[in-house]
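Undergrad: Quick one: structure below, then a few questions.
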Amino acid sequence: MKCESAKDCIVLLKYGELPDELAGPLEQHLMSCESCSAELDAFQEFEEHLAVLPVLEPSPNLLAQSRMRLDDALDMIPPRRFLDQLRANLYRWLGHVQSAPALATLLLGVGFLAGNFTLRYQVAHAPKPAPVVTVTHPDSVIANVTGIVQTPNSELVQVNYNRVTPETMEGSLDSPEIRKLLMVGTNAAATPGVRMNSVSLLTSECVAGHECQPTQDGKGIRHALMVSLRYDQDAGVRMKALEGLQRYVSQDQHVRDAVLEAVLHDSDPQVRQTAIGVLGPVQSDSSVQQVLRTVSTQDANPYIRTASYQALQGSPNIQ
């Protein structure tokens, strides 16, 4: 099994869709391929990160609205034309004469000829498509094309697509709607500038002590800053998230764990050094001292080792 096929099988394996006949070859390939084994480990680590996040259930209103929209869409389907119904009835009747092979073969030939004639008749008498007029909206762009269907033997093409219409909201930082948009802006899919501005504004709210308390559903500002600290690719964004979480490191164990993870695993030395400084108020904590001891003796970066050692010297020993 090649690596490309193995990676496809890994995806099927994680979703429980891998056929039994591929399980053995995949296992043998993983035993001899470090790259694919690392791919499988990355999937497992990703699932572990997802497991700690809250599972959001669709609201009853969303389900009700979806059912109503489905009913409306079904009602809008036009009735089938006479020729289509005739063809469907003919095929249905053919299913009842399968016990008579000779008759079934004869009727199948007749049905094929009739269907071919009907199709040619429909194409020949189909109305000519009107010229397509494209109207460009300055405030709306095409997000993606979802489907393309061409009418047989004609130049008529149906293109299904979605539009994205930009919208703007203006309000105070105390507005729940503005805060919700800012937390969406911290998502990794946003552009780096948007993520930085969103995290900076949320940090200012936490520094000022405005509505930065932990929430049961894991959707609050504090949780958004911890997600940015753990997963954002921009070191500047992670540094700004540290600033917003600093005042809660002694109150919230979850915040303390996120900062300790930054000390151990962050890829930017400046972020790690700043995280060590953020732990100042809780340096007497046993878990904090254990991490600082590990980093001060085993870390590959001499500056990080020195910073951890100095932090340990300035903290009281636990008896």
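Undergrad: Listed highest first by mean packing, meaning other Cβ atoms within 10 Å per residue, what order do 231-238, 69-76 come in?
TA: Details: 231-238: 17.5, 69-76: 8.8.
The packing order, highest mean first, is 231-238, 69-76.
Undergrad: Based on the mean of other beta carbon atoms within 10 Å per residue, what is the order of 295-306, 273-284, most packed first? If you can, show how the numbers build up before the last one.
TA: On the way: 295-306: 13.7, 273-284: 18.1.
Highest to lowest by the protection proxy: 273-284, 295-306.
Undergrad: Once label points are set 7 Å from the Cα along Cα→Cβ at both S286 and L53, what is their separation, rounded to one decimal in nm?
TA: With each label point 7 Å from Cα toward Cβ, the separation is 3.3 nm.
Undergrad: If I take R0 = 30 Å and measure r between the Cβ atoms of E211 and E45 in this structure, what FRET efficiency does the formula 1/(1 + (r/R0)^6) give, to the nearest 0.05? Let's see the in-between values first.
TA: On the way: r = 32 Å, r/R0 = 1.08.
For E211 and E45, the calculated efficiency is 0.40.
Undergrad: Sticking with this one: Once the cut-off is 23 Å, how many percent of the Cα-Cα pairs in segment 197-286 end up in the long-distance tail?
TA: Details: 570 of 4005 pairs.
The proportion of pairs with Cα distances above 23 Å equals 14 percent.
Undergrad: Could you compute the net charge surrounding L26? Neighbours are other residues with a C-beta less than 13 Å from the C-beta of L26; K and R count +1, D and E count -1.
TA: On the way: positive: K2, K7, K14; negative: E4, D8, E17, D20, E21, E27, E39.
Counting the neighbours of L26, the net charge comes to -4.
Undergrad: In addition: Residues with amide H under 5 Å of G220's amide H, sequence separation 5 or more or different chain, H placed in the peptide plane at 1.01 Å from N; which?
TA: Excluding prolines and chain starts, which carry no amide H, the hits are T215.
Undergrad: I've got another one for you. Just to verify a number: FRET efficiency for R247 and A73, C-beta to C-beta distance, R0 = 51 Å, to 0.05? Write out the running numbers ahead of the final one.
TA: Working: r = 51 Å, r/R0 = 1.00.
Efficiency computed from Cβ-Cβ geometry: 0.50.
Undergrad: Further question on the same structure: Highest mean first, how do 40-48, 1-9, 239-247, 165-173 rank when packing is the count of other Cβ atoms within 10 Å averaged over residues? Present the calculation step by step, with values, prior to reporting the outcome.
TA: Details: 40-48: 11.4, 1-9: 15.1, 239-247: 22.7, 165-173: 8.2.
The peptides rank, most packed first, as 239-247, 1-9, 40-48, 165-173.
Read-outs: derived from the displayed coordinates by stated rules, not from any lab. In this text, all values refer to a predicted model and were calculated from it rather than measured experimentally. Every residue, glycine as well, gets a Cβ built from its backbone with ideal geometry; the counts of neighbours run over all protein chains shown.
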